[in-house]
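Below: the structure, in structure tokens.
The values are calculated or read from the model by the stated rules, or taken from the named source; none is laboratory data. Just so it is clear, the structure is predicted and the values come from calculations on it, not from any experiment. Please note: Cβ atoms are built from the backbone with ideal geometry, for glycine as well, and neighbour counts cover all protein chains shown. In case anyone asks, the SASA skips ligands and DNA or RNA and just uses the protein heavy atoms, side chains included. Shrake-Rupley method; radii C 1.70, N 1.55, O 1.52, S 1.80 Å.
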Amino acid sequence: MKLITAIVQDKDTTKLSNAFVKANVRATRLSTSGGFLRSGNTTFMIAIEADRVQEVLDIIKDVSQKRKQFMVPPISLDAGGDHVGAYPIEVEVGGATVFTQEIESFYQF
Ligand code: 2BA
């Protein structure tokens, strides 16, 4: 068994959940936040047989979209209240950040 961890944008979450149900892939959704943008995203945990990993990766790749997002860089406290220069910057997010791990044991009681 493998554990797939997939971080996707909230906008893709419903579509991805539906695709997993349709393909009989079991997943757990966690509400998470990115450390950089500090905005919400969704992390899926999927424990799956090793020979189905590629199938799951294909589903995630198919559903997850790249999007451009604007963020305002944090203002330094040293700026003395002078907010001039804190212009929004454009960041490309996604499609999905995915990693896989070996599962040592898998139980369902
Ligand atoms: P965030 O940390 O909010 O990052 C959102 C997007 O901001 C990233 O998109 C990337 O384009 C940009 N970004 C992140 N850190 C940056 C930095 N230090 N300098 C410049 N740009 C930066 P993605 O790469 O598609 O990542 C989307 C989300 O996936 C991340 O949200 C984070 O929640 C997660 N993630 C990405 N890489 C990860 C990793 N190595 N480990 C754990 N989570 C990761």
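Between the helical axis of 53-63 and the longest alpha-carbon principal axis of the chain there is an angle of about 40 degrees. Can you tell me the 0 to 90 degree angle between the C-alpha axis of helix 10-22 and the longest principal axis of the chain, rounded to 10? Its long axis makes an angle of about 0 degrees.
The chain: longest stretch without exposed GluC sites (Glu not before Pro) (DSSP loop, at most 14 other Cβ within 10 Å), sites themselves excluded?
Details: sites that count: 49, 104.
In short, 50-103.
DSSP loop (so not H, G, I, E, B), at most 15 other Cβ within 10 Å: list which trypsin sites (Lys or Arg not before Pro) in the stretch 1-74 pass both filters. Before the final figure, lay out the partial values.
Numbers: sites: 2, 11, 15, 22, 26, 29, 38, 52, 61, 66, 67, 68; in loops: 26, 38, 66.
Qualifying residues, ordered by number: 26, 38, 66.
With a simple spin-label model that places each label point 7 Å from the Cα along the Cα-to-Cβ direction, the separation between residue 57 and residue 106 comes to 1.7 nm.
Expressed in nm to one decimal, what extension gain is obtained for the pair residue 90 and residue 29 from 0.36 nm per residue of sequence separation less their Cα-Cα distance? All intermediate terms of the calculation are to be shown ahead of the outcome.
Numbers: separation 61, 0.36 × 61 = 21.96 nm, distance 2.75 nm.
Net length gain for the segment: 19.2 nm.
Protein heavy-atom surface of the chain, 1.4 angstrom probe: 52% of the accessible area is carbon and sulfur, with nucleic acids and ligands not counted. A Cβ-based charge dipole, computed about the Cα centre of the chain with Lys and Arg at +1 and Asp and Glu at -1, lands at about 380 debye.
Student exercise: in the chain, how many lysine pairs 8 or more apart or on different chains have Cα atoms under 15 Å apart? Write down the numbers at each step before the final one.
Working: 11/61; 11/66; 11/68; 15/61; 15/66.
So the count works out to 5.
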